[in-house]
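The values are calculated or read from the model by the stated rules, or taken from the named source; none is laboratory data. Bear in mind the structure is a predicted one, so any value in this text is a computation, not a measurement. Using ideal geometry, Cβ is built from the backbone for each residue, glycine included, and neighbour counts are taken over all protein chains shown.
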There are 2 protein chains.
Amino acid sequence: MDSLPTPDDILAAAKRIAPYAVRTPLIEHPELGARAGGRVFLKLEMFQRTGSFKFRGACNRILLIPEADRARGVVAFSSGNHAQGVAAVAKLLGIPATIVMPADAPRAKIEGTRALGATIVNYDRVTEDREAIAGEIVARHGATLVRPFDDPGIVAGQGTAGLEIARDAAGFGVALDAVLAPCSGGGLVTGIALALSKVSPGTKVHSVEPIGYDGMRQSHDTGERIAAHAERLSIADALMAPMPGKVPFALAKLHLAGGLAVTDEALVRAVSFAFRRIKIVAEPGGAAAIAAVLSGVFDAKGKNVALVVSGGNADPETVMACCNEAPTP
Amino acid sequence: MDSLPTPDDILAAAKRIAPYAVRTPLIEHPELGARAGGRVFLKLEMFQRTGSFKFRGACNRILLIPEADRARGVVAFSSGNHAQGVAAVAKLLGIPATIVMPADAPRAKIEGTRALGATIVNYDRVTEDREAIAGEIVARHGATLVRPFDDPGIVAGQGTAGLEIARDAAGFGVALDAVLAPCSGGGLVTGIALALSKVSPGTKVHSVEPIGYDGMRQSHDTGERIAAHAERLSIADALMAPMPGKVPFALAKLHLAGGLAVTDEALVRAVSFAFRRIKIVAEPGGAAAIAAVLSGVFDAKGKNVALVVSGGNADPETVMACCNEAPTP
């Protein structure tokens, strides 16, 4: 396994990506707070470049590639948000990017990636191996593989969101009891947990996954890195990694307070609530932390809680379907 | 006419409403900036309580009602956003509220108002006079009429958004060349212009209206308070006042740099852009300033510009229709 990132790596990442990344806001949402019986804050990462937090990690990781190697390009495999993050960073730095994407990824994500000038290689989620396809491109062109989560540079980049949450909570005069973040491979939530272990050690960080893809929860509970057994696809296309990465899992053992899991029904309701009451576009995976609070899976009563809205790259049809399914979220 | 509010009234309003209002963020949007050839910031007022800036003015105005008169309640006429603002403030303060609303207002606005506990009186936009209906309720119950814009207390409340824009722009290290705000009766845009005349006098403030309802533009251009001649309804249900209020117009003569007008087509495109690229829910009227920049009606080239997104109370169907009409905004 790669060595683990440290809080200092996150501070360095924050400095490194500052010229490129958006400093996203933390807002208080009184209505969500009233429903939960506490104070609820939202870290709005769908305002990050490319519509998700993934830009942070990609930016930090690609800036760590030695100058001499950059011209040979970067390659990534991703269902969409990491793809766009890598493509956007490559474009800003003038580096060629190839992205291996499932053919059934949301249109908004495929089009977003293409619009950023990346070469897209489609694969079939069921019959083809994306890592093998990416590996071939690395071998052929000498490109650098930018992994979606199992890389200390990626995790350190995602952790910069945690530094910002801590700073902005202090601006509200609030000591955060908990932070909830959506989790797929675990780069975001463990990066945030690592950051807060240094700058806000009293804050408990929880992962939120769709049931059936709750590998982080199961791994955290058992102390072994294990895969969840999904019986069907989740509406949260961005959260379908069945198992946490090695780096994130090692960090989770040290810094994660616990793992939560939500139903697809709760995700649908959260997307509708995000649209109707928060006035944001959250993709189903991006709304997982909201779902955990709205559904009562996490009890925020009497607490100060920050929820990370990790991405907003949903097709309008998906959001509309959620709004129709949950008209009074 | 009522006396005009002063910048000091806005500072006092900011203090008065601080315990109740959301401090909404100003974010930079690099993609919009790149399209416009300048730096573009967004003041996200759809995060204000009730989903629009209207809470600010309603809160300030209602807090100015003498304690002894409050129990007799408040009454307002509004197509929806002012209605919700008044209803929310009344609920927070424990005051009864009656709202006179057109029967064809967006469902999101009618339901939002009802959910806040207000009594709703519907009227027909074409055949009935909302002011007469409200006047009758005032006469019968001794309730206080809370006007949507033609009131110094309302305008001072809306102006608090201008103070926040100036402070946050300074936080970005940016001197704003211009601020664009949607305009119906003119309370918001002239409140902001009044605030900036004191705290950021180099910033030019422009109103943005739908063509056909551009009474502020025509009044500003001619120096006479006149009504625009709409030939059909605008998609911007919140911006259909044909004429600026007396108080806003008097302030516009002193502090408004100019008036802009946009087509419904540009509003549709702006709502789609807001959803797809900004990841926010903007109602058509709320997206008017975005429309002015995207359509080129306002040239932001080489400038630092803040756009006020004034509200997000659109039905999902409306946003979906805009996204379908403008798939690549």
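For this structure, a couple of remarks:
- Any pair with Cβ under 7 angstrom, 6 or more apart, that starts in the stretch B:267-284 at a residue that is at negative phi and ends at one that is part of a loop (DSSP other than H, G, I, E, B) and basic (Lys, Arg): B:ILE280/A:LYS279; B:VAL281/A:LYS279
- Test for A:PRO316: is it of a type outside the set (Lys, Arg) and touching a Phe, Trp or Tyr at 6+ places or on another chain (Cβ under 7 Å): yes
- Some residue of the stretch B:293-313 being among the aromatic types (Phe, Trp, Tyr), crowded, with 24+ Cβ neighbours inside 10 Å and modelled with pLDDT of 95 or more: no
- If you filter the stretch A:207-264 down to residues that are of a type in the set (Asp, Glu) and more than 20 Å from A:ALA314 (Cα to Cα), you find that the one that is surrounded by the fewest Cβ atoms within 10 Å (Cβ to Cβ) is A:GLU231.
- Odd one out for A:THR318, checked against (1) in contact (Cβ under 8 Å) with a residue 40 or more places away in the chain; (2) away from chain B (no Cβ under 14 Å); (3) surrounded by fewer than 24 Cβ atoms within 10 Å (Cβ to Cβ): (2)
- From B:THR160, B:THR113, B:THR127, B:THR144, residue being among the polar types (S, T, N, Q), crowded, with 24+ Cβ neighbours inside 10 Å and either in contact (Cβ under 8 Å) with a residue 40 or more places away in the chain or farther than 17 Å from B:ALA58 by Cα (or both): B:THR160
- For the stretch A:66-77, the count of residues that are within 14 Å of chain B (Cβ to nearest Cβ) and either aliphatic (A, V, I, L, M) or on the phi < 0 side of the Ramachandran plot (or both) is zero.
- Answer residue from the stretch A:26-58, given it is of a type in the set (Gly, Ala, Ser), under 21 Å from the mean Cα position of the chain (by Cα) and not in a strand (DSSP E or B) and is farthest from the other protein chains (Cβ to nearest Cβ) among those: A:GLY57
- Criterion: under 20 Å from B:ALA83 (Cα atoms), touching a Gly at 6+ places or on another chain (Cβ under 6 Å) and either touching a residue at least 12 places away in the same chain (Cβ under 8 Å) or part of a strand (DSSP E or B) (or both) - qualifying residue of B:ILE235, B:ILE154, B:ILE192: B:ILE154
- Residue among A:VAL22, A:VAL89 that alone is within 14 Å of another protein chain (Cβ to nearest Cβ) and part of a helix (DSSP H, G or I): A:VAL89
- Restricting A:ASN304, A:ASN313 to those that are within 9 Å of chain B (Cβ to nearest Cβ), among the polar types (S, T, N, Q) and either in contact with a Pro (Cβ under 6 Å, 6 or more places away or on another chain) or over 24 Å from B:PRO106 (Cβ atoms) (or both) reduces the list to A:ASN313.
- Only residues that are closer than 14 Å to A:LEU44 by Cβ and within 18 Å of the chain's Cα centre (by Cα) were counted across the stretch A:253-282, and they come to 4.
- Within the stretch B:266-289, the set of residues being within 14 Å of chain A (Cβ to nearest Cβ) and either of a type in the set (Val, Ile, Thr) or more than 25 Å from A:THR318 (Cα to Cα) (or both) comprises B:VAL268, B:VAL271, B:ILE278, B:ILE280, B:VAL281.
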